[in-house]
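A.B. asks: The structure is given below, and queries will be raised subsequently.
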Amino acid sequence: MATEIKEEPTRRDFLYVTTGAFAAVGGAAAVWPLIDQMNPDASVKALASIEADISAIEVGQSVTFKWRGKPVFVRHRTASEIEEANAVPLEDLRDPATDAERVLAGHEEWLVMVGLCTHLGCVPLGQKPGEEKGEYNGWFCPCHGSHYDSAGRIRKGPAPKNLVLPPFEFLSDTLIKIG
Amino acid sequence: MAGNSSYNPTNKVEKWFDERLPLLRFSKEHLMDFPSPKNINYWWTFGAVLAVMLVVQIITGIILAMHYTPNIALAFDSVEHIRRNVNYGRIIQGTHAVGASMFFFAVYIHMFRGLYYGSYKAPREILWILGVVIFLLMMATAFMGYVLPWGQMSFWGATVITNLFTAIPVVGEPILSLLIGGFVVDNPTLNRFFSLHYLLPFIIAAVVALHIWALHVPGNGNPTGVEVKSSADTLPFHPYFTMKDLFVVVVFFIPFAWFVFFAPDILGHADNYIEANPFVTPAHIVPEWYLLPFYAMLRAIDFDVFFISAKLGGVIIMFGSIIILMVIPWLDGSKVRSGSFRPMFKPFYWLFVVNFMMLMYLGAQPAEGIYVILSKVGTAYYFGYFLLVLPILARIETPKPLPSSISQAVLDKNK
Amino acid sequence: MNMKKNIFAIFAVIAMLISTAPAMAAAVTGKPAELQKWSFAGVFGTYDTNQLQRGFQVFYEVCSSCHGAKQISFRNFAEPGGPEFSKEQVKALAAEYTIIDPELEEGERTATPADRWPSPFATELEARDANNGALPPDFSVLAKARNLAKKFPMNFYDMATAYQEGGADYIYNFLVNYEDAPHGVEIGDGQSYNAFLGTGISMMSPLMDELVEYDGTDVPLTVEQYAKDVSAFMYWMSDPHLVQRKTIGFNVLIFLSVLALLMYLVKRKIWAGVKH
């Protein structure tokens, strides 16, 4: 009774292949929601970009904002800090970048960086008045002793890269959008 | 059983593997060759539907656990968060909730099929008892799962059901506090119910493995109730029954999808969208529909019997209504398996089905007036069917002549 | 098969009961509910964006001073399938509210679209104090926490037609049935009589004709219209992804139907040579 039926092999195979392919496509479509649910949900994505009011930050002051759960350093730099950063020859840098590449044109006094050391992710010191600023008048990571300069570039210590710049833009002179 | 194995390793690697762990041989014998009676009808496909439903519930459940928070302050909001914010969360959560109902719908068909065709009779008693164990585990799992969203019905359902244990004399109260970990249902209760709700499905899966093992020893029954006599009576499981089962699974998914996508809340109770409040009991406490018949039997006992209080009596009846299923193989002494050949059995059977549906209806009605009387009648028939009808029919009934074999029955049918 | 015949008989009886039952639904204890035609009801239902915007206006101008909506984020108002306000409108709306944030030095900040709708009262106690001891329920899922109690077989009829919008009917009927208490009915101090509930209730009738000014439409400014609009809006709040869910559902059902047909053909082909 279990003998195979050999008539019309092509039409039968066509039906089997069609059904199999159809089921496979449906199965794949059903699997996607089961995977996608692990991606950031709508409430997390809603916080992907923030607006930060920087009108109250005086020259020489820094403020830390929270963006995507990470600290973002916003520093209103003094003229001497900018000058100092521009004076460094590129060949002295581990991760070469000019000061102009670290800021937005026309807003050179505003340095906006993710405040996590590129070595192992600690938060460097130097945001608050009186904190250790490191040997290069910028930021100093207390975990393993990385020194960043006034443009947030790595100058000494184990960190491989400059402090990361988040995507940001000026919505007005006093309002920036990060992310 | 497959008898002589048809599995022949085709190359050295397979041979090497087969000598150490004959997994492919086992799969070939039990998933592909397993001979099943060729005359089994569509009511037999629900075993496969149930296996698929268990997998669906476990997968969606694991996903929900990634987003759910078992804490009384956060549980309700975390379920709303899943529905509103998690990618496809509304659908995954709906699938799990509706899935519980579909699972029970399928299990009831599976069980009533067994009751009609005498699937519990020798040599399948253990197979049947394992099935009842699975049913009990399913009810426990569903109950604890219903507590997790921490709505009003969750809370009061948990309170009422755990309080059943206080009916037990002397040790009832200590058992209650042990179960709920406090003076009332509270955060410790929610936490342990979450843990157990996650654990139990895997225990169900293990018992299902035993259930299938016990099935593969005598093989499938069939609508005639006549045992397989020769290989002419059977077909290999694959492709005949795999494709038949898959077809039914796909069809089963259509009403399933209907509820998930178009009415995901309709099988639940509106009160469960109100966050749990230990100071306000909802006007009507009703369990989910699939527990209603047993709930009706619990409430039907509102009188004391000698030293047994109404409360204890109700609990005994409710648990007894399921435990009694385990001993049916010894209550129904009829030599004929299939109800199709038992003229007197049939009306009693269908009355039992209608009675079960009536109890389901009564479980959702307020415990007053005519409903109480009907519940008592229904409970009496439920037990009477097993304790009186089946044993007596076995003695007095003259069954119709059985076909000599499955093949003969098929020939007769196709004449 | 006898068993099959019997099952069909049962279904036939149920179908008959359904088809002969009049379309009615019992209210809680008061007068019967008048069922409304909701644009979002049934299989093909979608929200009416204009209605949701009007309903939002009623919620915003009337209800939101006492009732919160803690599951709703401002961003939800701009999402497809909802009231679909523009991103700028949502941002401006959020900016009207303040969020308490103990992490900040100031302790509070202006709300953004990512924030939840802030509760009008800081604590339950405060809410009760302001409302004569009653607690105004949160609106987020209220439309699903209320329902019309439908008896067999109407509940099966609803399943077959995918009608689960009883909550919106409940809210509508509740809002339009404030009346003077009939003779002999006692209501509590400071309560108003609601004929739909058949009891007194702590909330006064919140709506009256021409209470809310709808801009640029000729929709009537009546209690019935406001009640309808705000009920629809509340249903959206309780189920904001209804439209997306149903859209996916259509694809799934079409897919399953075709696959079921193919599987049937496969099964038939395989069994073709077997008498069974």
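Each value in this text was obtained by applying a stated rule to the coordinates, not by laboratory testing. Worth saying up front: this structure is predicted, and the values here are computed from it rather than measured. Because the Cβ atoms are built from the backbone with ideal geometry, glycine has one as well, and the counts that use them run over all protein chains shown.
A.B. asks: Tell me the mean residue ellipticity at 222 nm calculated for chain A from its helices only (DSSP H runs of n ≥ 4, each -39500 (n - 2.57), averaged over every residue, nearest 500).
C.D. replies: -7500 deg cm²/dmol, from helical runs alone.
A.B. asks: Work out how much length B:L74 to B:S195 would gain on full extension: take 0.36 nm times their residue separation and subtract the Cα-Cα distance, in nm to one decimal.
C.D. replies: Contour length minus the Cα-Cα distance gives 41.9 nm.
A.B. asks: Next up: For chain B, modelled as a Gaussian network with Cα springs under 10 Å, which listed residue fluctuates most, B:M318, B:M66, B:M32?
C.D. replies: Of B:M318, B:M66, B:M32, the most mobile in the Gaussian network model is B:M66.
A.B. asks: Quote the Stokes-Einstein diffusion coefficient, in whole µm² s⁻¹, for the range B:1-63, based on the Kirkwood radius over alpha carbon pairs, a temperature of 25 °C and a viscosity of 0.890 mPa s.
C.D. replies: In µm²/s, the coefficient rounds to 170.
A.B. asks: Let me see the P(r) profile for the protein assembly as shown: every Cα-Cα distance counted, bins of 10 Å, each bin given as a percent of all pairs.
C.D. replies: P(r) for the protein assembly as shown, in whole percents per bin: 2, 10, 17, 19, 17, 14, 10, 7, 3, 1, 0.
A.B. asks: Between A:V164 and C:N50, what FRET efficiency follows from the Cβ-Cβ distance if R0 is 41 Å, with the result rounded to 0.05?
C.D. replies: The calculated FRET efficiency here is 0.35.
A.B. asks: Per DSSP helix of 4 or more residues, -39500 (n - 2.57); summed, then divided by the residues of chain B. What does that give at 222 nm, rounded to the nearest 500?
C.D. replies: It lands at -19500 deg cm²/dmol.
A.B. asks: What's log10 of I(q)/I(0) for the range C:149-276 at q = 0.10, 0.17, 0.18, 0.19 Å⁻¹, Debye sum over Cα points only, no solvent?
C.D. replies: Calculated log10 I(q)/I(0) at the listed q: -0.58, -1.07, -1.12, -1.16.
A.B. asks: Return the average number of partner chain Cβ atoms within 10 angstrom of each residue Cβ along peptide A:46-58.
C.D. replies: Per-residue shielding by partner chains comes out at 2.
A.B. asks: Length gain on complete extension for the stretch B:L388 to B:K346, per 0.36 nm per residue less the alpha carbon to alpha carbon distance?
C.D. replies: 13.6 nm
A.B. asks: Sticking with the crude label model, points 7 Å out along Cα→Cβ, report the distance from C:K87 to A:S55 in nm, one decimal please.
C.D. replies: Roughly 2.3 nm, to one decimal.
A.B. asks: Distance from the Cα centre of the range C:74-110 to that of the range B:177-254, in angstrom?
C.D. replies: What the calculation gives is 49 Å, centre to centre.
A.B. asks: Further question on the same structure: Could you list, in their original order, any pairs among B:K346/B:K400; C:K37/C:K144; A:K70/A:K128 whose Cα atoms are separated by more than 21 Å?
C.D. replies: none
A.B. asks: Based on the alpha-carbon gyration tensor of chain C, what equivalent-ellipsoid semi-axes (square roots of 5 times the eigenvalues) come out, in whole Å, largest first?
C.D. replies: 42, 28, 17
A.B. asks: Right, here's the next one. What Kirkwood hydrodynamic radius, in Å, does the range B:259-334 give when the mean of 1/r is taken over all pairs of distinct Cα atoms and then inverted?
C.D. replies: 15.6 Å
A.B. asks: Taking 35 Å as R0, compute the FRET efficiency from the Cβ-Cβ separation of C:E213 and C:F250 and round it to 0.05.
C.D. replies: According to the calculation, E is roughly 0.35.
A.B. asks: What does a probe at B:A283 reach in the range C:178-195, counting residues whose amide N is under 15 Å from the point 7 Å along Cα→Cβ?
C.D. replies: Correct set: C:194-195.
A.B. asks: Could you tell me whether chain B comes out rounded, prolate or oblate from its Cα gyration tensor? Rule is a ≥ b ≥ c as square roots of the eigenvalues, rounded for a/c under 1.5, then prolate if a/b exceeds b/c, otherwise oblate.
C.D. replies: oblate
A.B. asks: Rounded to the nearest 10 degrees, what's the angle between the helix B:46-67 long axis and the longest principal axis of chain B, both from Cα atoms, 0 to 90?
C.D. replies: Once rounded, one gets 40 degrees.
A.B. asks: What spacing in nm lies between the two simple spin-label points modelled at C:H276 and C:E124, each 7 Å away from Cα in the Cβ direction?
C.D. replies: About 5.9 nm, to one decimal.
A.B. asks: Per the helix-only calculation at 222 nm, which mean residue ellipticity applies to chain C, given -39500 (n - 2.57) for every DSSP H run of n ≥ 4 and division by its residues, nearest 500 deg cm²/dmol?
C.D. replies: -13000 deg cm²/dmol
A.B. asks: A further question on this structure: Tell me, C:Y170, C:Y214, B:Y385 in order of fewest to most beta-carbon neighbours within 10 Å?
C.D. replies: The order, fewest Cβ neighbours first, is C:Y214, B:Y385, C:Y170.
A.B. asks: What residue among C:P113, C:P137, C:P182 shows peak mean-square fluctuation when chain C is described by a Gaussian network model with Cα springs under 10 Å?
C.D. replies: Of C:P113, C:P137, C:P182, the Gaussian network model singles out C:P182 as fluctuating most.
A.B. asks: Label points 7 Å out from Cα along the Cβ direction at A:N86 and C:A181: separation in nm?
C.D. replies: 8.2 nm
A.B. asks: Then there is this: Under 4.7 Å Cβ to Cβ, no partner at all: give me those cysteines from the protein assembly as shown, in residue order.
C.D. replies: Cys with no partner Cβ under 4.7 Å: C:C63, C:C66.
A.B. asks: A follow-up question, please. Report the convex hull volume per residue for the range A:43-178, counting only C-alpha atoms, in Å³.
C.D. replies: Convex hull of Cα atoms, per residue: 105 Å³.
A.B. asks: Tell me the Rg and the Dmax, in Å, that the Cα atoms of the range B:292-415 produce.
C.D. replies: 18.1, 62
A.B. asks: Something else now. In degrees, nearest 10, range 0 to 90: what is the angle between the Cα axis of helix C:223-238 and the longest Cα principal axis of chain C?
C.D. replies: Taking the Cα atoms of chain C, the angle to C:223-238 is about 70 degrees.
A.B. asks: Do any of B:K12/B:K244; C:K87/C:K246; A:K161/C:K91; B:K335/C:K275 go past 30 Å between their Cα atoms, and which?
C.D. replies: B:K12/B:K244; A:K161/C:K91
A.B. asks: Report the calculated FRET efficiency for C:N132 and B:K415 (r = Cβ-Cβ distance, R0 = 56 Å), to the nearest 0.05.
C.D. replies: 0.10
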